[in-house]
Every structure is written in structure tokens, then in C-alpha cells.
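Novice: Supplied in C-alpha cells, the structure appears directly below.
The values are calculated or read from the model by the stated rules, or taken from the named source; none is laboratory data. These numbers come from a predicted model, not from an experiment. Cβ placement follows ideal geometry from the backbone for every residue including glycine, while neighbour counts extend to all protein chains displayed. Please note that ligands, DNA and RNA were not included when accessible areas were found on the heavy atoms of the full protein model with its side chains. Shrake-Rupley method; radii C 1.70, N 1.55, O 1.52, S 1.80 Å.
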Amino acid sequence: NAGVTQTPKFQVLKTGQSMTLQCAQDMNHEYMSWYRQDPGMGLRLIHYSVGAGITDQGEVPNGYNVSRSTTEDFPLRLLSAAPSQTSVYFCASSHTRLLGEQYFGPGTRLTVT
Amino acid sequence: GIQVEQSPPDLILQEGANSTLRCNFSDSVNNLQWFHQNPWGQLINLFYIPSGTKQNGRLSATTVATERYSLLYISSSQTTDSGVYFCAGRVTGGGNKLTFGTGTQLKVEL
């Protein structure tokens, strides 16, 4: 198993550009989520999904969209990037929708200029 | 919202020393987990420990859910233990969301 994979590893955007961060898992996990990590602030939940077709907002959802059309994939879309979205983004998955043990991807480092 | 306090925020150890990291929650939580973020940024799940005690090699963890805290013990520390340790939990009745603490930065020196 590849586990949780994320692409790209690094990305630089200009203010106002859009992009999609990709996340995939091959463990047939029901629960998937996106976090952002900023210095001194730990990890904050952006959006999560408990299964295909079901998504919900986390702590900091503004400026981000998600969809879950398959069990395997959970992309995160930035519609109009802002410098405040400069961060490291992590995708995670869990076997159960009831939030069992979380497995993290390697992260995407995003810089918005 | 729930507050997750981790202590100490920073810790420097000599190789071979033991340490205890603490995680306090302001509200009732379940699904408590401990993670290690290595110096390259990778997050690894150390323990899924809603209650009780678990051990994995030199690491062990104890959660006392009724008193809203969890402890992570590191024995005979090694330089590879360096990094940031996070705890996270789900607020009871708060939906399927994990809330993370701000972490303990650990450096193990030779």
C-alpha cells in the first residue's frame, strides 16, 4: 500500500490564482480530512469527509472547497489564493468514519505571493 | 471551543534521558491520539489511546479520560526522537473532528 499520497510537494502561487491540492489513499478508508499547519499554531482542520459524497467544514474552511466523489480521493481547491493561505497542508485518513487512528500524507508546502 | 494544552512547549534532553509530555483538555474528549512530527515534517501516529495505557518499545502513553489528560512517556531517549509531539482528541458530541494541541518541541542531544 502507498498509504496517503499528496501532490504536489511544493507549490508557489500568485495572489488570485486557483489550484487543487490532490490527496489519495489506497487503504479503503472512510474518513478523510485536510489540515493546515502554521508556525506555532499546530494543525487546524479545514474540511473533512466521512464517506463518498459527504463533506463538512472544519475549523478554518473559508477560501477552500472540497468534494469526495470516490472513496480514494479528496482534493482541496483554492479558488482565489491569498497570502494568508501560505501554509503546509496535510491530508489524513482513517479507517472508520468515527475518527479512529489517523494516517497522514507527506504534506504540500504552499506559498502565495 | 475546546482548549488543548501541551506541556512543556519545549524540551531539551541528553541522549538516554527519560521524559514525560502532558496533554490537558478543557472538555471531555475521546479518540485521543499522539503524533510525532519528525524534522522532515512527516507526521506519524504513535498511539491511538482513548483510555488506559499502551506501550510500544521505548514509548508509552496513558490517558485518564475522566480527568481530561493524557501522558506520553519517552524512555532512554535517542536523537531520532527529536521533533514535535502533538496530541489530538475529539470533543464528545462535537462531531467527527480532531482538535490538536500546539505541540511539544523535543530536541535530544548527544
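Novice: Taking region A:103-113 only, how many residues are part of a loop (DSSP other than H, G, I, E, B) and open to solvent by 30 Å² or more (accessible area, probe 1.4 Å)?
Specialist: Of the residues in region A:103-113, 2 are part of a loop (DSSP other than H, G, I, E, B) and open to solvent by 30 Å² or more (accessible area, probe 1.4 Å).
Novice: Something else about it: Filter region A:65-102 down to residues that are facing chain B (nearest Cβ under 10 Å) and assigned to a loop (DSSP other than H, G, I, E, B) and give me whichever is modelled with the highest pLDDT.
Specialist: A:Glu101
Novice: While we're looking at this one, here's another question. With respect to B:Leu72, is the statement that it is in a strand (DSSP E or B) and touching a Pro at 6+ places or on another chain (Cβ under 9 Å) true?
Specialist: In short, no.
Novice: Among B:Gln33, B:Gln78, which is open to solvent by less than 30 Å² (accessible area, probe 1.4 Å) and either of a type in the set (A, V, I, L, M, F, W, C) or at pLDDT 95 or above (or both)?
Specialist: B:Gln33
Novice: Looking at (1) β-branched (Val, Ile, Thr); (2) within 12 Å of chain A (Cβ to nearest Cβ); (3) open to solvent by 60 Å² or more (accessible area, probe 1.4 Å), find the lone condition where B:Thr53 falls short.
Specialist: (2)
Novice: Next question. Take B:Cys23 and tell me if it is within 11 Å of another protein chain (Cβ to nearest Cβ), surrounded by 13 or more Cβ atoms within 10 Å (Cβ to Cβ) and in a strand (DSSP E or B).
Specialist: For B:Cys23, the condition - within 11 Å of another protein chain (Cβ to nearest Cβ), surrounded by 13 or more Cβ atoms within 10 Å (Cβ to Cβ) and in a strand (DSSP E or B) - is not met.
Novice: Also, I was wondering about something else. Identify all residues within region A:4-26 that are away from chain B (no Cβ under 11 Å), open to solvent by 50 Å² or more (accessible area, probe 1.4 Å) and assigned to a loop (DSSP other than H, G, I, E, B); write none if there are none.
Specialist: Matches in region A:4-26: A:Lys14, A:Thr15, A:Gln17, A:Ser18, A:Asp26.
Novice: Does B:Thr20 satisfy being modelled with pLDDT of 95 or more and farther than 16 Å from B:Leu106 by Cβ?
Specialist: no
Novice: Sort out which residues of region A:27-52 are within 14 Å of A:Gln102 (Cα to Cα) and open to solvent by 70 Å² or more (accessible area, probe 1.4 Å), and write them in order of number.
Specialist: Across region A:27-52, the qualifying residues are A:Asn28, A:Glu30.
Novice: Here's a follow-up. Please verify whether B:Gly16 is away from chain A (no Cβ under 12 Å) and not aliphatic (A, V, I, L, M), treating the condition exactly as stated.
Specialist: yes
Novice: Moving on. On the basis of being more than 10 Å from the chain's Cα centre (by Cα) and in a strand (DSSP E or B), does B:Gln6 make the cut?
Specialist: no
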